[in-house]
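**Q** Below are the structure tokens for one structure; questions will follow.
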Amino acid sequence: MDIDHYNVLGLPSGEEGANLTQKEITKAYREKARDLHPDKRKDDPNAHENFIKLKSSYEILVDEKARKLFDDLLRVKREQQRRFAQQDSKRRKMMSDLEDRERASFAPDPAMKAKEEEERIARKLKEEIARIRAMQANKGASMGTGSGQEKVGREGNSGVGGHVGVDKERVLKVSWEKIGEGYTAEKLRELFSRFGEVEDIVVNSSKKKGSALVVMATKHAVDSATGSVSGNLDNPLLVVPLKPSVAEFPAPKKEEQSDRLSNLVGAGYQAFEDAVLNKLTKAAEKQQK
């Protein structure tokens, strides 16, 4: 891993970072988030990317399993650096000759063993990051239940891009808390149009939560917008694909997640999605005629 998640949050790394409390990590994240939020850095073209990077590092450090794996990875790298620093040129030559003889006699290679250990921990950390993302995707599926739909008028070839039927891989789920002024269809169109053409938006409102389905013109635009649109700092958007990629968001096993998600998934949201997609399909069919 080339990213030091402690440094991203402005925290000390190494053994000192491993001893930080979750409260200290959260405090550092909030201070950084206020400073790096895109609304405060409108002239910085990398503002959104830096904010998403900050959020990703925070999610890893507050997850107990992911943080332990990351600390182990840093420890292995520090030990490896200390070993190389202690070896002078003569000793390195001796070590190289010894390792050649060991390899010739099929003896275990210490450097290779350390490398394999580093790769093993890196793989485990990658799995934990994928698990965190999958949990976020499942949370997104639970939000947005309720009634009251707001539609944006279709413009030109909007709706389904001139094809009969809606390609679910071009649809994004967007959800947010009903705090302050919230998000209108026009505001969502402005945010998502940065990543490509927006064909249609359907907003679903309830008293406590807001949600929407955003139809993008291409799958590439969906990939670009996923994890990039942060919205307002006091009321961030949760953006997930309607049909997430299996490789990018591996679904957790049902038996392990059912109890944790039983109170999160809204029974009415699937019906809302089906109704909206049905309406978009019929609109596309009329345009074909």
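**Q** Looking at segment 123-161 only, could you name the residues that are more than 24 Å from Leu238 (Cβ to Cβ), at pLDDT 50 or above and surrounded by 15 or more Cβ atoms within 10 Å (Cβ to Cβ)?
**A** Lys124 - this is the single residue of segment 123-161 that is more than 24 Å from Leu238 (Cβ to Cβ), at pLDDT 50 or above and surrounded by 15 or more Cβ atoms within 10 Å (Cβ to Cβ).
**Q** Please work out which residue is farthest from Gly182 (Cα to Cα), limiting yourself to segment 229-238 and to residues that are in contact with a helix residue (DSSP H, G or I) (Cβ under 6 Å, 6 or more places away or on another chain) and open to solvent by less than 30 Å² (accessible area, probe 1.4 Å).
**A** We begin by selecting, within segment 229-238, every residue in contact with a helix residue (DSSP H, G or I) (Cβ under 6 Å, 6 or more places away or on another chain); these are 229-230, 238.
Add one more test, that the residue is open to solvent by less than 30 Å² (accessible area, probe 1.4 Å), and what stays is 229-230.
Numbers: Val229: 15, Ser230: 13 Å.
My answer is Val229.
**Q** Within segment 197-210, how many residues are of a type outside the set (Asp, Glu), closer than 21 Å to Lys243 by Cβ and either open to solvent by 60 Å² or more (accessible area, probe 1.4 Å) or modelled with pLDDT of 90 or more (or both)? Outline the logic, then answer.
**A** Of the residues in segment 197-210, the ones of a type outside the set (Asp, Glu) are 198, 201-210.
In the following step, the residues that additionally are closer than 21 Å to Lys243 by Cβ were identified as 198, 201-204.
Cutting the leftovers down to either open to solvent by 60 Å² or more (accessible area, probe 1.4 Å) or modelled with pLDDT of 90 or more (or both) gives us 198, 201-202.
Within segment 197-210, residues that are of a type outside the set (Asp, Glu), closer than 21 Å to Lys243 by Cβ and either open to solvent by 60 Å² or more (accessible area, probe 1.4 Å) or modelled with pLDDT of 90 or more (or both) number 3.
**Q** Any chance you could count how many residues in segment 88-133 are farther than 16 Å from Arg75 by Cβ and either in contact (Cβ under 8 Å) with a residue 60 or more places away in the chain or in a helix (DSSP H, G or I) (or both)? Break it down into steps so the answer makes sense when it comes.
**A** Residues of segment 88-133 farther than 16 Å from Arg75 by Cβ: 88-112, 123, 126-133.
If we keep only those that are either in contact (Cβ under 8 Å) with a residue 60 or more places away in the chain or in a helix (DSSP H, G or I) (or both) too, we end up with 89-104, 110-112, 123, 126-133.
The number of residues fulfilling the criteria is 28.
**Q** For segment 211-289, which helices (runs of 4 or more DSSP H) that fit wholly inside it have 2 or more residues that are at pLDDT below 60?
**A** Working: elements: 219-225, 254-261, 267-288.
The qualifying helices (runs of 4 or more DSSP H) are 254-261, 267-288.
**Q** Select from segment 33-78 the residues that are outside any helix (DSSP H, G or I) and touching a residue at least 12 places away in the same chain (Cβ under 8 Å) and write down the one among them that is least open to solvent (accessible area, probe 1.4 Å). First the steps, then the outcome.
**A** Let us first name the residues in segment 33-78 that are outside any helix (DSSP H, G or I), namely 37, 41-46, 63.
Pick out the ones that are also touching a residue at least 12 places away in the same chain (Cβ under 8 Å) and you get 37, 63.
Details: His37: 5, Asp63: 30 Å².
Among them, the one singled out is His37.
**Q** Mind checking which residues of segment 1-20 are on the phi > 0 side of the Ramachandran plot and outside any loop (DSSP other than H, G, I, E, B)?
**A** Gly14
The values are calculated or read from the model by the stated rules, or taken from the named source; none is laboratory data. Remember, predicted model here, so these are calculated numbers, not experimental data. With ideal geometry, Cβ positions are generated from the backbone for all residues, glycine too; neighbour counts draw on all protein chains shown. Just so you know, the surface numbers come from the protein's heavy atoms only, side chains and all, with ligands and any DNA or RNA stripped out. Shrake-Rupley method; radii C 1.70, N 1.55, O 1.52, S 1.80 Å.
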